[in-house]
There are 2 protein chains.
Amino acid sequence: MSGWLAIAGLGPGDEALVTPEVTAALAEATDVVGYIPYVARVAPRAGLTLHASDNRVELGRAALALDLAAQGRRVVVVSSGDPGVFAMAAAVFEALEAGPEAWRGLDIRVLPGITAMLAASARAGAPLGHDFCAINLSDNLKPWALIEKRLRLAVEADFATAFYNPRSKARPHGFARVLELLLEVCGPDRPILFARAVSTPEEALRIVPLGRATPEMADMRTMVILGSSQTRWIEGTARPILYTPRSVGAGA
Amino acid sequence: MSGWLAIAGLGPGDEALVTPEVTAALAEATDVVGYIPYVARVAPRAGLTLHASDNRVELGRAALALDLAAQGRRVVVVSSGDPGVFAMAAAVFEALEAGPEAWRGLDIRVLPGITAMLAASARAGAPLGHDFCAINLSDNLKPWALIEKRLRLAVEADFATAFYNPRSKARPHGFARVLELLLEVCGPDRPILFARAVSTPEEALRIVPLGRATPEMADMRTMVILGSSQTRWIEGTARPILYTPRSVGAGA
């Protein structure tokens, strides 16, 4: 039995952003496990079983993958972006820790990918070019008060901030509160990037000052990046450029 | 004249972590510009001029690349990791903003890569699986007081934290102060990862509780990741696993 489990990142959408390491793992796999739209990105072939499941069943999906690997299968769990950033890697280790002792002997690898904030940042310029943080705005998995606390501290630290999962049909109101809070503490001129479906045919980028940002500018497929107080916005170029300089003066 | 400039991320070292998009840009380039060890990763070929320069001359290197593109050359600026994270993309936009008006018409793209924290996190498990931040510990480009302020706020926000450039020969003492500060605010049991030269033949990983961390565990090639209060450390596996669960309870 030479089963293994690879937890792989498919990047933001464009196949040119999938690493050769991930492509090689998929070529050797007997089973691919993941959320329906991510599994749909893997080409079917003889000898490969695709296990697609719905959203919000991450622990069950993780247990299935671990169990298949324990049976000697070569399993790839697919995430979009990077599997270690608000994705399946943590779910697999949660399942591993809670599961049978035998799972601890498995050969498990995490294969990194281009996470959404790096793809969005690249398209807009370099808004994450200085210290930054990444916050998941979904309150499915943490209390809302903790999200607000982190937002305030991130602004106080003057990080640029990448927001994952800003808005969904099930949570239409949280992002409006986030924008209100940010406007209150950052003022109306701070630039904010809305980067939708980056690297896909539906890609759309928009940079606006915070005072003109509205909740409808984000949906489930949008990555939102708020600049720090130092972030600069260059216009008069082919596309607007948002970047955060590498240095901060002693007065900052 | 069909010059262009691509600012590309070569990932942490392993060629299997270079995206096909970056490989394609390098295949079309007439000029590659970058820091000596990164340019050394690009295979020489007829028709390709390599422009390798020393560290700490980022703005001059950026200006050279912009000037070559303005002359109609096809230029790739190479960074390790991701060019938008503590790397060359911000330097290019700084040079662009300060440079001649003609540069604003150039075709400039940023091609994302696997940044060091994602590679290190993948090797260790998923320590960045929940909200996190990234801080550059070099005080070449910002005052030390700002680094300390950000460390304290990051701990207060209970982010996992990735530290870039923790220690160099020119700055041997700063990281010792960082560890003292973290020990004071996080206590001795918080796990900290030292991931050196990830994905290269010299790769070495070490996870220790903060109370046993010493400055010598990091050097210029080390990525350091401090867990949040929620980060878990699984032992009894083939390799120790560090991961941060996706959820935080209402009491946290």
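We did not get these values from a lab; they are worked out from the coordinates using the rules stated. Only a predicted model underlies this, so the values are computations on that prediction, with no experimental measurement involved. With ideal geometry, Cβ positions are generated from the backbone for all residues, glycine too; neighbour counts draw on all protein chains shown.
What FRET efficiency, computed as 1/(1 + (r/R0)^6) with R0 = 25 Å and r the Cβ-Cβ distance, is obtained for B:Arg152 and B:Glu216, rounded to the nearest 0.05?
So the FRET efficiency works out to roughly 0.55.
May I ask for the net charge around B:Ala204, where only other residues with Cβ less than 14 Å from the Cβ of B:Ala204 are counted and Lys, Arg are +1 while Asp, Glu are -1?
Its environment carries a net charge of +1.
Give the shape of region A:117-243 as rounded, prolate or oblate, defined through the alpha-carbon gyration tensor: a ≥ b ≥ c are the square roots of its eigenvalues, a/c under 1.5 means rounded, and otherwise the shape is prolate if a/b is larger than b/c and oblate if not.
Verdict is oblate for region A:117-243.
Name the most mobile residue of B:Ile147, B:Ile108, B:Ile234, meaning the one with the largest mean-square fluctuation, in a Gaussian network model of chain B with Cα contacts below 10 Å.
It is B:Ile234.
Using a label point 7 angstrom from Cα along Cα-to-C-beta, what distances in nm, from shortest up, separate B:Leu141 from the other copies?
When each copy's label point is compared with this one, the spacings are 3.0 nm.
Read phi for every residue in region B:185-202 and hand back ³J(HN,Hα) as whole Hz from Karplus 6.51 cos²θ - 1.76 cosθ + 1.60, θ = phi - 60°, with x for Gly and Pro.
8, 9, x, x, 9, 4, x, 9, 9, 10, 10, 9, 6, 4, 6, 10, x, 8
Could you work out how much longer the chain between B:Ala98 and B:Arg171 gets when fully extended? Use 0.36 nm per residue separation minus the Cα distance between them, nm to one decimal.
Full-extension gain reported as 23.3 nm.
Scanning chain B for trypsin sites (Lys or Arg not before Pro) in DSSP loops with at most 11 other Cβ atoms within 10 Å, what's the longest stretch left with none?
For trypsin sites (Lys or Arg not before Pro) (loop position, at most 11 other Cβ atoms within 10 Å), the longest site-free span of chain B is B:57-168.
For the rotation that superimposes chain A on chain B, which residue of A has the C-beta lying nearest to the axis, and at what distance in Å?
Value returned for chain A: A:Cys133, 2.
Give the nm distances, rounded to one decimal, from B:Asp107 to the matching residue in every other copy, measuring between label points 7 Å along Cα toward the beta carbon; shortest first.
Reported distances to equivalent positions: 4.4 nm.
Would you mind computing, in nm to one decimal, how far apart the modelled labels at A:Ala16 and B:Glu235 are, each placed 7 Å from Cα along Cα→Cβ?
For the pair A:Ala16/B:Glu235, the computed spacing is 4.8 nm.
Just to confirm the filter: which GluC sites (Glu not before Pro) across region A:1-108 are DSSP coil and have at most 11 other Cβ within 10 angstrom of their Cβ?
Within region A:1-108, no GluC sites (Glu not before Pro) qualify (loop, at most 11 other Cβ atoms within 10 Å).
Mind listing the label-point distances from B:Thr49 to the same position on all other copies, shortest first, one decimal in nm, points 7 Å along Cα→Cβ?
Result, one decimal in nm: 5.8.
B:Leu146: net charge of surrounding residues, Cβ under 9 Å, Lys/Arg +1, Asp/Glu -1, itself excluded?
-1
Kindly identify the protein assembly as shown as rounded, prolate or oblate by the Cα gyration tensor criterion: order the square roots of the eigenvalues as a ≥ b ≥ c, call it rounded if a/c is under 1.5, otherwise compare a/b with b/c, prolate if a/b is larger, else oblate.
Rounded is the answer for the protein assembly as shown, as its axis ratio a/c remains below 1.5.
Return the average number of partner chain Cβ atoms within 10 angstrom of each residue Cβ along peptide B:94-102.
For peptide B:94-102, the averaged partner shielding equals 2.
Nearest 5 is fine: what % of DSSP beta bridges in region A:120-252 come out antiparallel, could you say?
70
Below 20 Å, Cα to Cα, which lysines can B:Lys149 reach? Residues fewer than 8 away in the same chain don't count.
B:Lys149 reaches A:Lys149.
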